[in-house]
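Take a look at the structure below.
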Amino acid sequence: VVTGALVGTVPVLELSRLLGGIQPPDEYLVTVATGDRRVITRSHDAERYAGDALPPLTGSDVEVGPGRWVASGPDLTGVDRTWGQIEIGLGWVVYVGVPDDVVYGPARAEAITHIALTLFVVLVAMLLAGRSYARIASALRELARQTRLRAGGERLAFSADTPVEITSLVEQFDEAFEGRRRAEEAERIARERFESIFDN
């Protein structure tokens, strides 16, 4: 039995040209690297970065499957990316990086929309509450004015925009004042009769 191994060398730049056909969208970055994180090829500027060491990932690796991880960290140009990585054999790893703005941008935009909508609803509620407060305060002032008028013996005089609740309340006060006035009048008459009888 004959066993053996065929060994050859390929310059990294040549290998980079062989694998350079990877053309994802501009914001995505595909990098093929060795197990010790040396760049073999990249989808952008492959020849410039071939052989360079990848920067360390700052986020914690999360294993999503056998030989597959998700992490975060900067690329060689300093752009923060979310990385998916998979081992492909030969000790090589393929990294696919998407800028954090692309990953989190829609969620941030939606959060901003929800916050803006919530602030708008709160503002409208505050305006309505302020309007209601102004109406209630005006109605209470009218109630106090009408009560003072009636206590002074004057007739009730409501304006056209006086709320029904206030007119009803003032009329009930008026009935109470009228009842009190009648009781005081009856007491006065009884006292005068008693004094008259006593005097006679």
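Please give the peptides 39-46, 184-191 ranked by average Cβ packing (other Cβ atoms within 10 Å per residue), highest first, as a rough proxy for protection.
Descending packing order for the listed peptides: 39-46, 184-191.
Kindly sort D174, D101 by accessible area of their heavy atoms, largest first, with the probe set to 1.4 Å.
Working: D174 30, D101 115 Å².
Result, largest first: D101, D174.
Once the piece of chain linking F177 and E110 is laid out straight, how much longer is it, given 0.36 nm per residue of separation minus the C-alpha distance between them?
Numbers: separation 67, 0.36 × 67 = 24.12 nm, distance 6.12 nm.
Value of the extension gain: 18.0 nm.
What does the C-alpha gyration tensor say about the overall shape of the stretch 26-94? Classify as rounded when a/c is under 1.5, otherwise prolate if a/b is larger than b/c, or oblate. Show your work: numbers first, answer last.
On the way: a/c = 1.72, a/b = 1.20, b/c = 1.44.
Taking the square roots of the gyration eigenvalues as a ≥ b ≥ c, the stretch 26-94 is oblate.
The values are calculated or read from the model by the stated rules, or taken from the named source; none is laboratory data. Computed from a predicted model, the values in this text were never measured in an experiment. In this analysis, Cβ positions are derived from the backbone assuming ideal geometry, glycine residues included, and neighbour counts consider all displayed protein chains. What goes into the accessible areas is simple: the full protein's heavy atoms, side chains included, and nothing from ligands, DNA or RNA. Shrake-Rupley method; radii C 1.70, N 1.55, O 1.52, S 1.80 Å.
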